[in-house]
Structures are given as C-alpha cells and as structure tokens.
Amino acid sequence: MVAAVGLLGTGLAGCGGGGDSQDVSRKMNMVTVNWIEGMAFTYVQEQIMENQYDMEVDVREVGGGGIAFSSVAEGDRDYFNEAWLPTTHQDPWSKAQGNAAKLGYTYKGTSVGLTVPAYMDISSVSELENYRNELGGEINGIESGAAVNDQTRKILENNGLNDEFSVVASSGPATWQALENAVNNEQPIVVTGWYPHWKWGSFDLKYLEGAQTGQSPVFGDPEDVFKIVDSEFTEEFPKEVVCFLKVSEVTDEEIESLMGSFRNRGDMSKREAASQWIENHSEDVNAWTKQAEECAASDGSVETLPDDATYSRKQST
C-alpha cells in the first residue's frame, strides 16, 4: 500500500551512513511504549522503511519509557522515538548518555500536568484538597515507574498534599477508560496528562494551575520529543534511512490525525492502520522523503544532536 504513494525513487538505496554500502545493515530493531502518539508514529516509520527503503524492521512494544531507553543504550534496540526532554525523561536519559544519542526531533513543544475535565469547579492544584473525598484521595497515573507519576507525587509533596492523595499506577488505556467513564457521568477525576495526546481532542479538559509545564519546576519549561538511537546508529544503517528517521518530524495536525487513525482502526492491525494513514497523507510523507533525499545527497555522515539540544525551551526564554 505504501508503494502506491510513489515516494522516493532516486536510487539512493546503496548509500551507507558510514559511506561504505558493504558495511551497513538493513535490519533495524525499534522499540516503542504503549503511548499512542509515539507508537503510531513508530509503525508509520516502520512501514515506510520496509516498503520504500528496503529495510527489515522489528518493532518491540515495552511497558515503560525506562525500558525503552535502556534497551537502546544496551544495544538490544536501535531506535526509540518518544524521549520527552529535558525534564520528563531526564533520569533514564542521564543513564543512557554515552551509549545513546539524540538523532533528531519527533515533535516540538510539549506540555505536561495534572488534568481535569472542564466541568470541574477547580482551577488550581491548591484547591485539590477540596475534592479529596469525591476523588477518594486518588489521582490516576499511568504505568508503574513512569516519570509523570513521580512528577505528580512531587507536585503533591510540594503542595502539602502527599498525605491526602496517592497516585494510582495503571496502564495508559485503563487510565483513559477511567477518564472517559468519569466524563460520560460528569464525575470528578484527576489524571496525569500531556500533549500531544488524543484525549485533548476527545474531551473538554484543562490543566490545573501550578501543576503544569511552565508553572512548576517539577514539570519545567516546554519540552521536545526526541528520537534516541544507539551510539553507532548513524554509521550502522544506510544514510538515506538515517536521514529519513532524522527529518521525519510531526506537526500538530499530523500527530492528531495519526492518533485518531490508530484509536479508530477497528479490526485493522497497527501496521494496516499505519499503511492506511500513509496512503491518506501522501503529501506529508513525500515531504519527509524529499528532505531525506536532500540529506542523503549531502557530504559526510549524518550528525546527531548535542546531548543538551532543545528547541522549545530556547523559544520560551
């Protein structure tokens, strides 16, 4: 299905990242977490690489960001496209540095914070205590060990609420189902939230003041989502493949349509949903592959980003 899009037919398939086509690998191991925004984009990248760049790609889904970071740093996986930095994933990134690198941006300008339905008569984290009984003293987090859960506990501690509330770890899908059930019945609920994420397009939500990006040192200033690769990545794979993964960055419109396609895929597999999205967004995909073509035609190897690279944080200063 991807081939029908008519992408990149330039004869670059023999160009290696290290400049020697005999030494490059056409087998790549990707890792993703059950976070729909990154997972959906991973399968789109997989389909484009397999159908357009003659790659053999294996995607492994794991239970948390820490596992994804360590699997890249330890050489078990080659690529992970959802590293929220410099704040959210600071801990696993600091452990991976030296054995992993930032290849490029996936998305620029994220936000994170405690999130509630707009119908709740609360605007600030300082008012949260008033809802303790109605909320059962619980805030809905995501999978155990997730950075956003720890950040939420720190927010509670900083506001003297750690004895009043606990963060309940659960899978992402279970948390969003709890959110949907609460909204359908106009019941109070607080969840760990972030953007980009499909829930903002499905429900009328708001962040709590004092517990969101830009308003608390816990969540820091706006972040970016990066692609993390092992330290040998740019020399290990064909240059045009490295270039494609480096330049394929999503906009708000692209990531929202992609998340919607995956959420509403029905009986389709993730790979089928990715192929359908590619077919329906040929202009977006062609723009990525054109940039990749230009990158691959340049002299030298593809450069990774500095470890402290940031875009959105610079824009906010």
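FYI, it's all coordinate maths here, none of it is from the lab. Only a predicted model underlies this, so the values are computations on that prediction, with no experimental measurement involved. Neighbour counts are summed over all protein chains in view; Cβ atoms, including those assigned to glycine, are modelled from backbone coordinates with ideal geometry.
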For Glu209, which sequence-distant residues (separation of 5 or more, or a different chain) have an amide H within less than 5 Å of its own amide H, given hydrogens modelled in the peptide plane? Ser124, Val125
When the chain is modelled as a GNM with alpha-carbon springs shorter than 10 Å, which of Asn140, Asn264, Asn286 fluctuates the most? Asn264
All-pairs Cα distance distribution in segment 211-267, expressed in whole percent, bin size 10 Å: 17, 27, 34, 21, 1
Relative to the chain, whose Cα atoms define the longest principal axis, helix 36-52 and its Cα axis are tilted in degrees, nearest 10, by 10 degrees
Taking placed amide H atoms and a strict 5 Å upper bound, the residues 5 or more places from Arg77 or on another chain that come that close are Val72
Which shape class applies to segment 186-288: rounded if a/c is under 1.5, otherwise prolate when a/b exceeds b/c and oblate if not, where a ≥ b ≥ c are the square roots of the Cα gyration tensor eigenvalues? oblate
Percent relative contact order for segment 111-212, counting Cα pairs under 8 Å at least six residues apart, stands at 53 percent
Apply the a/c threshold of 1.5 to the C-alpha gyration tensor of segment 111-212 and tell me whether it is rounded, prolate or oblate. rounded
Please give me the summed charge of the neighbours of Glu186: other residues whose Cβ is under 13 Å from its Cβ, Lys and Arg +1, Asp and Glu -1. -4
Average Cα contact separation per residue, the chain, under 8 Å, 6 or more apart, as relative contact order %: 31 percent
20 °C / 1.002 mPa s Stokes-Einstein diffusion coefficient of the chain, Kirkwood radius on C-alpha pairs, µm²/s: 105 µm²/s
Please say if segment 185-227 is rounded, prolate or oblate, where rounded means a/c under 1.5 for a ≥ b ≥ c the square roots of the C-alpha gyration tensor eigenvalues, and otherwise the choice is prolate for a/b larger than b/c and oblate otherwise? oblate
Restricting to DSSP H runs of at least four residues, report the calculated mean residue ellipticity at 222 nm for the chain, -39500 (n - 2.57) per run over all residues, nearest 500 deg cm²/dmol. -11000 deg cm²/dmol
When Lys154, Lys246, Lys239 are arranged by how many other beta-carbons sit within 10 Å of their Cβ, fewest first, they go Lys154, Lys246, Lys239
Quick note on Ile139, Ile48, ordering by fewest other C-beta atoms within 10 Å, gives Ile139, Ile48
Dimensions in Å of segment 233-317 - Rg and Dmax from alpha carbons: 15.8, 46
Karplus couplings for segment 273-279 from phi (6.51 cos²θ - 1.76 cosθ + 1.60, θ = phi - 60°), rounded to Hz, Gly and Pro as x? 5, 5, 4, 5, 4, 4, 5
Quick note on Ile67, Ile155, ordering by fewest other C-beta atoms within 10 Å, gives Ile67, Ile155
Tally Lys/Arg at +1 and Asp/Glu at -1 over every other residue whose Cβ is under 13 Å from the Cβ of Val168; what's the total? -1
For segment 111-212, give the share of DSSP beta bridges that are antiparallel, in percent and rounded to the nearest 5; count only bridges with both residues there. 65 percent
Which ³J(HN,Hα) values, rounded to whole Hz and listed in residue order, are derived for segment 68-79 from phi using the Karplus coefficients 6.51, -1.76 and 1.60 in 6.51 cos²θ - 1.76 cosθ + 1.60 with θ = phi - 60°, glycine and proline given as x? 4, 4, 5, 5, 6, 5, 8, x, 6, 10, 9, 8
Farthest toward the dipole's positive end in segment 111-212, which of Ala118, Tyr207, Pro173, given Cβ charges of +1 (Lys, Arg) and -1 (Asp, Glu) about the Cα centre? Pro173
Need one number: % antiparallel among DSSP beta bridges in the chain, to the nearest 5. 60 percent
Search the structure for amide H atoms under 5 Å from the amide H of Val57, placed 1.01 Å from N in the peptide plane, and list their residues when 5 or more places away or on another chain. Met28
Let me check against my output: what whole-number percent is the relative contact order of segment 19-80, with C-alpha pairs under 8 Å and at least 6 apart? 45 percent
